[in-house]
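Chemist: Got a structure here, written out as structure tokens. Questions coming.
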Amino acid sequence: MSSPANLSKIPVQFIAIYDELQSEITWMHGRWLTYRELFAETPKRIELLNEAAGTFFYIIQDVLLDEVQVCLSKLTDPASSGKHDNLSLEQLQCQLHNHGAPALTARCRLLLDKILSQCQVFRVRRHKTLAHLDLPTAMKQLPKPLPGVSRQMIEDALETVRDYMNEIEAHYNDSEWGYEHFILNDGSGALLATLRAGLRYEELIQERALPFDDWRKGKWSDA
């Protein structure tokens, strides 16, 4: 894991930008891990979600998938847009160029170029449909459909983002940040446990092992 902020050797000129990006990337991984735990584990889990609230989880699946693409797009924005600076990997790269070690800057530039290439599809989708509603796209008047996105494409981009950030972390603090091991307390695991219990409750009702209005006695009957 990363060194505490007060022990970090990352240059003071850009440690605040680095730390904020680290937080953004950590929570982006939290969203992606939630997506994977819900929708990319086993067909049986998909059956569970469909049985519990299929339409709701269809919406959640789309929202999480789109959100991670938007996050990756924002991370690969230029260092500035017009008069406004952006919190992006290019911004961090500029700070490395101005204040970091030359060899580290060169290694990170190669990784960032790879990230930009991997995220190009997500950026196109952001501009056309995720963050904007491009008229020809919405009306299906494009000569070619928007490029598709696979889970592996997102996994690959996330891996390179981790490599980029941990290249800096390793250089200055001789450590790394375990983005992909982020643990969400009361996350999707807690939700899945509640869904399993709820569906079992429905089975007991159907089997007449419990009265049909037993739920009215519970703590959350008026929620």
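Chemist: Which of the helices in the chain meet the span-like rule: DSSP H, Cα axial reach of 20 Å or more, Kyte-Doolittle mean at least -0.5?
Modeler: Values: long enough: 15-39 (35 Å, -0.21); 43-75 (36 Å, 0.47); 102-118 (24 Å, 0.39); 151-173 (32 Å, -0.98); 188-206 (27 Å, 0.31).
Those that clear 20 Å and a mean of -0.5 are 15-39, 43-75, 102-118, 188-206.
Chemist: Same structure, new question: Using 0.36 nm times the number of residues separating GLN120 and ASP156, minus their current alpha carbon distance, what extension gain do you get?
Modeler: Working: separation 36, 0.36 × 36 = 12.96 nm, distance 1.27 nm.
Result: 11.7 nm gained on full extension.
Chemist: Just going by the charge dipole of the range 5-183, with Lys and Arg at +1 and Asp and Glu at -1 on Cβ, which of SER73, GLN141, LEU130 is farthest out on the positive end?
Modeler: GLN141
Chemist: Given points 7 Å out from each Cα along the Cα-Cβ axis, report the GLU41 to THR194 separation in nanometres with one decimal.
Modeler: Taking the simple label geometry, GLU41 and THR194 are separated by 1.6 nm.
Chemist: For the chain, what does -39500 (n - 2.57) per DSSP helix run (n ≥ 4), summed and divided by total residues, give at 222 nm, in deg cm²/dmol to the nearest 500?
Modeler: Calculated mean residue ellipticity at 222 nm is -21000 deg cm²/dmol.
Chemist: Can you give me the P(r) profile for the range 1-143? Cα pairs, bins 10 angstrom wide beginning at 0, each as a whole percent.
Modeler: 10, 29, 30, 20, 9, 1
Chemist: With +1 on the Cβ of every Lys and Arg and -1 on the Cβ of every Asp and Glu, and nothing else charged, how large is the dipole of the chain about its Cα centre, in debye rounded to the nearest 20? Provide the component values of the computation, followed by the final result.
Modeler: Values: 24 positive and 31 negative charges, 111 e Å.
In debye, rounded to 20, the chain gives about 540.
Chemist: Between LYS83 and HIS181, how many nm apart are label points set 7 Å from Cα along the C-beta direction?
Modeler: Here the answer is 4.7 nm between the modelled labels.
Chemist: Tell me, HIS29, HIS99, HIS171 in order of fewest to most beta-carbon neighbours within 10 Å?
Modeler: Working: HIS29 22, HIS99 13, HIS171 17.
The most exposed by this proxy come first: HIS99, HIS171, HIS29.
Chemist: What's the exposure ranking of SER117, SER8, going from fewest to most Cβ atoms within 10 Å?
Modeler: Values: SER117 12, SER8 17.
With the sparsest Cβ surroundings first, the list reads SER117, SER8.
Taken together, the values in this text are just the output of simple stated rules run on the coordinates, not laboratory data. Source: prediction; values computed, not measured. Cβ sites come from the backbone with ideal geometry, for glycine too, and all protein chains shown count toward neighbours.
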